[in-house]
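Okay, structure first, notes after.
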Amino acid sequence: MQIDGYFNLGDEPVIKLEVGPSLIEVLVDTGFSGSLIVPSEIANRLDLKLEGPEEFQTASGEMVLAR
């Protein structure tokens, strides 16, 4: 499998991901923990089943709770 991506204007790695009937742009997190975290407005628009809440650690070391 090959996934093509690019760097956005902020020099961040991005890929396009097909989720249900929609194609969304996803910022690649190099500290990927196995979970896909999306903003709730996108999850609601795509009618995604939410799991969680889940705590994760940001690149700065801060612990954040996400729905």
For labels at Ala43 and Tyr6 in the simple 7 Å Cα→Cβ model, what's the distance in nm?
2.9
Among Val28, Met63, Leu48, pick out the residue whose Cα is farthest towards the positive end of the charge dipole of the chain, where Lys and Arg carry +1 and Asp and Glu carry -1 on C-beta, about the Cα centre.
Leu48
Taking the Cα centre of the chain as the origin, how large is its charge dipole in debye, to the nearest 20, when only Lys and Arg (+1) and Asp and Glu (-1) carry charge on their Cβ atoms?
180
Scattering profile of the chain from the Debye formula, Cα beads only, expressed as log10 I(q)/I(0) at q = 0.16 Å⁻¹, is -0.67
When the accessible area of the range 5-66 is computed with all protein chains present and a 1.4 Å probe, what percentage of it is carbon and sulfur?
53
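The values are calculated or read from the model by the stated rules, or taken from the named source; none is laboratory data. Just so you know, these numbers come straight off a predicted model, no measurement behind them. Note: ideal-geometry Cβ built from the backbone for every residue, glycine included; neighbour counts use all protein chains shown. Only protein heavy atoms, including side chains, enter the accessible area calculation; ligands, DNA and RNA are left aside. Shrake-Rupley method; radii C 1.70, N 1.55, O 1.52, S 1.80 Å.
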